[in-house]
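Only the coordinates and a few stated rules stand behind these numbers; no lab work does. What you see is a predicted model, and the numbers here were worked out from it, not measured in a lab. Using ideal geometry, Cβ is built from the backbone for each residue, glycine included, and neighbour counts are taken over all protein chains shown.
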Amino acid sequence: MRFTFTLLSLFLVGNIYFAQAQKSDPTQEPKAAIIVTINGKEHTVSEGDEIKQDGTTVSVTLSASKTFNNGTISFEYPTSFAFEYEESIGYKNWTFDGNNFVIMYFEISEENTLDSFVDEISGRFGKSNCKIEQKSLQLGKRMLDGKRINVNLMGEKLTLDLLEIKMKDGQTRIIAFQDSNDDYGNPTDEGKDTIELIDKTISYKK
């Protein structure tokens, strides 16, 4: 069994619950229930269903992406990714978890720098398991600079890119991408597609 190690185990505690409508075939994954209101009347449907009312047919299709917007930055991410949020004094973390790729966005107090954050995270993986290098990535209209942590843990490889988003208020903001590489160290298709989506849709508010 392939070992997958994500930062969720380091930062997040708790379970994710999904509310889904069970369809007739129990061997197939249930579809998410959607409530559509037409002229004040609610219709509970599933993806792909159609509603007919007053001679009009309404079809229901889930979007392939959702929009994250916290008032500071916004971007689209795949609908299939699980969402988690954690907050404490001087620390906010949004996590979007896919099969092999994880997006994380952090807002942390001013006294924490990108370097100190990278040092803390590499320490949690075990510094002997990490190789740190410079990393830059253009997202939208900005070139973001940061660090990449290359992790080799129990023979499994992953990369963690931490990129600083600098804004006028001086608060430390970091967007991070964690990818589970293949045996040759190549990024996953999920990772490449997700970064391309974010690059096309990201907007900076300050």
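Some values worked out for this structure:
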item	result
Per-pair calculated FRET efficiency, R0 = 45 Å: Ser128 and Thr72 via Cβ, rounded to 0.05	0.80
Sites matching chymotrypsin sites (Phe, Trp or Tyr not before Pro) across region 156-206 that sit in DSSP coil, with at most 10 neighbouring C-beta atoms within 10 Å	Tyr184
Note, ³J(HN,Hα) from phi for region 92-98, Karplus 6.51, -1.76, 1.60, rounded to Hz, x at Gly and Pro	9, 9, 10, 10, 10, 10, x
Distance violations [Cα-Cα > 29 Å] among Lys92/Lys131; Lys41/Lys205; Lys41/Lys200; Lys66/Lys135; Lys66/Lys127; Lys127/Lys200	Lys41/Lys205; Lys41/Lys200; Lys66/Lys127; Lys127/Lys200
